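Shown next, in structure tokens, is the structure this report addresses.
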Amino acid sequence: MTTDKKLISDTPGNPDRMVMITPELCLAAVQEDSLVLGLVPEEFKTPELCLGAVKRNGLALWLVPEELKTMELCLAALQENDGIMMATRDWRNWIEDTIFFECLPRKFKTPELRLYAMQNDDIMALTEYPVLKHVPEELKTAKLCLAAVKRKGWTLKYVPEKLKTSGLCLTAVQSWGRALEYVPEELKTTELCLAAVQSNGNALKYVPEEFKTPELCLGAVKRNSLALEHVPEELKTTELCLAAVQSNGNALKYVPEGLKTPELCLAAVQEAGWALEYVPEELKTIEICFAAVKRNRQEAFQYVPESLQTLELYLIAMMLPSFPVDDVSRAGMKSRKDIPK
């Protein structure tokens with residue numbers, strides 16, 4: 001093996017400092033950073049070097065020559081999750097279509113290997129990569145799909161219609177309620193929909209109208225207050241709406257105008273000051289505006305009517321010293337013309 005022409009600068013930008021590339025140097029570099037494997041001369045890429053690289057960072061599999069990709073090496077890359085997690089966190093849009101299985105030789109894309117990936121806690125519990133998306137249709141089995149939806153319910157999206165059973169769909173929505181979106185209409189039952197909203201209140205969006213009972217809607221709103229958006233108007237009661245805004249003030253957006261009372265609006269802005277945006281103008285009192293600004297300062301102040309924008313309220317919004325913030329009586333003492341420009 002000839003190495004006398006394999007030179008590289010050991011100081012970026014300084015061509016005068018050159019070192020000879022040797023197998024030992026490559027090994028040391030890859031042990032420091034697996035992705036340096038991409039800079040290693042092809043003749044120095046040995047099975048041992050590549051195996052060590054993918055064991056430290058699964059994404060190094062991209063850099064392994066095709067002829068060196070063995071089942072042992074691919075499994076080692078799959079078992080390593082740090083690189084996959086890093087890519088999921090930093091390049092979420094990119095990773096959707098291009099990651100581990102894309103660089104596997106087709107001969108290794110077996111149902112067994114994919115099933116292993118879906119069942120592996122270290123990988124599938126920590127990444128959102130839809131492995132099932134890239135499984136060829138002819139390789140998708142009931143067992144494979146069940147393993148996928150157990151780990152990530154939303155992968156029901158990639159399950160063939162012929163494999164969607166009541167049991168599999170139930171497993172999916174218990175894992176991720178909004179997987180109800182991908183359940184065939186004929187498989188949606190009261191029990192299935194209840195399981196979905198118990199997992200994720202916003203699954204109420206995909207519940208057929210005939211299954212939306214007061215009990216089911218209440219359960220959905222308890223899980224996620226913003227599910228109030230998907231509650232039929234005739235089922236929205238004062239009690240239901242109050243429970244929603246007390247948990248998340250922004251749910252006031254979905255409260256019918258006829259149910260917006262001073263008490264309900266006050267409860268909403270006390271939880272989220274910027275919910276003042278959804279308070280009817282005629283209900284915006286100094287008490288409600290004070291509570292909103294006290295809760296979220298400047299974000300809420302922008303929704304205070306000009307006639308109620310007093311100096312004291314402005315000072316609270318700007319977090320400037322003025323008076324104890326529980327002194328609502330003084331918040332309306334100064335006129336808007338006194339607000340600093």
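In region 38-60, what residues are out of contact with any strand residue (DSSP E or B) (no Cβ under 9 Å at 6 or more places or on another chain) and either surrounded by fewer than 17 Cβ atoms within 10 Å (Cβ to Cβ) or closer than 19 Å to Met20 by Cβ (or both)? Talk me through it step by step, then tell me what you get.
Taking region 38-60 first, the residues out of contact with any strand residue (DSSP E or B) (no Cβ under 9 Å at 6 or more places or on another chain) are 38, 40-60.
Answer for region 38-60, where residues must be out of contact with any strand residue (DSSP E or B) (no Cβ under 9 Å at 6 or more places or on another chain) and either surrounded by fewer than 17 Cβ atoms within 10 Å (Cβ to Cβ) or closer than 19 Å to Met20 by Cβ (or both): Gly38, Val40, Pro41, Glu42, Glu43, Phe44, Lys45, Thr46, Pro47, Glu48, Leu49, Lys55.
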Exercise. Among the residues of region 205-218, is any surrounded by fewer than 19 Cβ atoms within 10 Å (Cβ to Cβ) and aromatic (Phe, Trp, Tyr)?
Worked result: yes
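Matching residues to (1) within 27 Å of Glu186 (Cα to Cα); (2) out of contact with any Asp or Glu (no Cβ under 9 Å at 6 or more places or on another chain); (3) among the aliphatic types (A, V, I, L, M); (4) crowded, with 16+ Cβ neighbours inside 10 Å:
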site	(1), (2), (3), (4)
Leu228	yes, yes, yes, yes
Val231	yes, yes, yes, yes
Asn248	no, no, no, yes
Glu271	no, yes, no, yes
Exercise. Could you give every pair whose Cβ atoms fall below 6 Å, whose first residue belongs to region 239-252 and is closer than 17 Å to Ala292 by Cα, and whose second residue is outside any helix (DSSP H, G or I) and at pLDDT below 95, counting only separations of at least 6 or pairs across chains?
Worked result: Gly249/Ala272; Asn250/Ala272
Seminar exercise, completed: Leu68: passes all of (1) touching a Lys or Arg at 6+ places or on another chain (Cβ under 7 Å); (2) at pLDDT 90 or above but (2)
For this session: Hey, could you check region 179-190 for residues that are surrounded by fewer than 20 Cβ atoms within 10 Å (Cβ to Cβ) and in contact (Cβ under 8 Å) with a residue 12 or more places away in the chain and say which is nearest to Tyr254 (Cα to Cα)?
Result: Glu181
Exercise. Considering only helices (runs of 4 or more DSSP H) fully contained in region 169-286, which possess at least 1 residues that are within 27 Å of the chain's Cα centre (by Cα) and more than 30 Å from Thr310 (Cβ to Cβ)?
Worked result: 190-199, 214-223, 238-247
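Determine whether Val149 is surrounded by 19 or more Cβ atoms within 10 Å (Cβ to Cβ) and either modelled with pLDDT of 60 or more or charged (D, E, K, R) (or both).
Details: surrounded by 19 or more Cβ atoms within 10 Å (Cβ to Cβ): yes; either modelled with pLDDT of 60 or more or charged (D, E, K, R) (or both): yes.
So Val149 passes the test.
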Seminar exercise, completed: Selection from region 273-315 of residues exposed (fewer than 15 other Cβ atoms within 10 Å of the Cβ) and of a type in the set (D, E, K, R) yields Glu281, Glu282, Glu306
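Only residues that are among the hydrophobic types (A, V, I, L, M, F, W, C) and either at pLDDT below 85 or closer than 18 Å to Leu73 by Cβ (or both): list them for region 16-42, please. Give the derivation first.
Residues of region 16-42 among the hydrophobic types (A, V, I, L, M, F, W, C): 18-21, 25-30, 35-37, 39-40.
Scanning region 16-42 gives Met18, Val19, Met20, Ile21, Cys26, Leu27, Val30, Leu35, Val36, Leu37, Val40.
Looking for something assigned to a loop (DSSP other than H, G, I, E, B), closer than 19 Å to Pro208 by Cα and either without any contact (Cβ under 8 Å) to a residue 40 or more places away in the chain or among the hydrophobic types (A, V, I, L, M, F, W, C) (or both) - is there at least one such residue anywhere in region 151-159? Before the answer, list the steps.
Pass one, region 151-159, residues assigned to a loop (DSSP other than H, G, I, E, B): 152, 159.
Okay, now just the ones that are also closer than 19 Å to Pro208 by Cα, so none.
For region 151-159, residues assigned to a loop (DSSP other than H, G, I, E, B), closer than 19 Å to Pro208 by Cα and either without any contact (Cβ under 8 Å) to a residue 40 or more places away in the chain or among the hydrophobic types (A, V, I, L, M, F, W, C) (or both): absent.
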Exercise. Do we have Val159 as among the aliphatic types (A, V, I, L, M) and closer than 30 Å to Cys265 by Cβ here?
Worked result: no
Problem set entry | Scan of region 130-143 for residues that are modelled with pLDDT under 80 and either surrounded by 13 or more Cβ atoms within 10 Å (Cβ to Cβ) or in contact with a Cys (Cβ under 8 Å, 6 or more places away or on another chain) (or both), ordered by number | Pro130, Val131, Leu132, Lys133, His134, Val135
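The values are calculated or read from the model by the stated rules, or taken from the named source; none is laboratory data. Note that this is a predicted model, so its numbers are computed, not measured. For neighbour counting, all protein chains shown are included, and Cβ atoms are generated from backbone atoms with ideal geometry for every residue, glycine included.
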